[in-house]
Amino acid sequence: MATNTGGNPHLERAYALNGPDDVRELYDEWATTYDEELGGEEQGYVAPARAADAVAAAAGVDGEILDAGCGTGLTGVELVRRGATVVDGLDLSEGMLERARATGAYRTLATADLTQPIDAPDGRYDVVVCVGTLTHGHVGPAVLGEFARVTKPGGVVVATVLDDIWEPGGYRAEVDRLAAGDVVEAVSTDVTPYRAGQGVDCRMVVLRVR
């Protein structure tokens with residue numbers, strides 16, 4: 001595997017998951033130490049802050065934001081630091097949601113499997129942000145169309161995709177398909193640090209919904 005885990009056993013398991021049940025089990029177990037393990041210098045998990053910056057630059061933070069795959073709430077906290085006041089979160093793991101709830105960053109939090117349709121009407125949110133979920137063994141590229149569906153016309157989808165699966169995992173092809181179908185405008189897909197301590201990069205995908 002090209003993605004460097006730095007020998008972290010939870011990351012090694014995370015990149016080898018096989019289906020929602022495995023995902024739920026790992027993250028329920030990992031929830032209490034997740035922030036500490038990824039937030040230190042060894043891993044340098046900068047993706048939540050980078051994604052919040054991308055949201056602020058592309059759309060501002062005044063509207064209603066959905067944090068899809070919110071985990072322990074790292075991205076929600078970064079959004080609130082930048083002035084966001086309405087952030088909803090979805091995650092498969094109740095253990096992770098419990099940690100997110102403790103941050104006070106979210107209006108609502110709910111359990112959701114992002115391999116299935118999101119329980120929200122078309123055009124519900126001004127912004128959908130997804131950090132750390134479009135990765136090995138988690139959620140495939142089809143979710144990008146679902147993110148676009150629940151985003152208002154003119155709204156923005158911001159998602160991190162691990163750089164080493166951007167093309168082989170079909171994410172670039174899905175972005176191209178959505179853009180060709182006039183569903184979204186691909187604003188940018190720049191390479192940016194993800195876990196800087198291990199030299200791992202991601203694509204910061206910014207899509208504007210048509």
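The values are calculated or read from the model by the stated rules, or taken from the named source; none is laboratory data. The shown structure was predicted, so the numbers you read here are calculated from the model rather than taken from an experiment. Every residue, glycine among them, receives a Cβ derived from its backbone with ideal geometry; neighbour counts consider all protein chains shown. With ligands, DNA and RNA removed, areas are computed over all heavy atoms of the protein, side chains included. Shrake-Rupley method; radii C 1.70, N 1.55, O 1.52, S 1.80 Å.
Would you mind stating whether GLU37 is in contact with a His (Cβ under 8 Å, 6 or more places away or on another chain) and not polar (S, T, N, Q)? The answer is yes for GLU37.
Only one of the listed residues (VAL205, VAL156) is within 28 Å of GLY6 (Cα to Cα), open to solvent by less than 60 Å² (accessible area, probe 1.4 Å), in contact with a strand residue (DSSP E or B) (Cβ under 8 Å, 6 or more places away or on another chain) and not aromatic (Phe, Trp, Tyr). That residue is VAL205.
Among the residues of the stretch 121-128, is there at least one that is touching a Phe, Trp or Tyr at 6+ places or on another chain (Cβ under 8 Å), open to solvent by 10 Å² or more (accessible area, probe 1.4 Å), over 21 Å from PRO193 (Cβ atoms) and acidic (Asp, Glu)?
Step one: list which residues in the stretch 121-128 are touching a Phe, Trp or Tyr at 6+ places or on another chain (Cβ under 8 Å), which gives 128.
If we keep only those that are open to solvent by 10 Å² or more (accessible area, probe 1.4 Å) as well, we get none.
No, there is no match, as no residue in the stretch 121-128 is touching a Phe, Trp or Tyr at 6+ places or on another chain (Cβ under 8 Å), open to solvent by 10 Å² or more (accessible area, probe 1.4 Å), over 21 Å from PRO193 (Cβ atoms) and acidic (Asp, Glu).
Residues in the stretch 79-131 that are touching a Pro at 6+ places or on another chain (Cβ under 8 Å) and in contact (Cβ under 8 Å) with a residue 60 or more places away in the chain: LEU92, ASP113, THR115, VAL131.
Of all residues in the stretch 177-187, at least one satisfies being closer than 25 Å to LEU74 by Cβ and either open to solvent by 40 Å² or more (accessible area, probe 1.4 Å) or touching a Lys or Arg at 6+ places or on another chain (Cβ under 9 Å) (or both).
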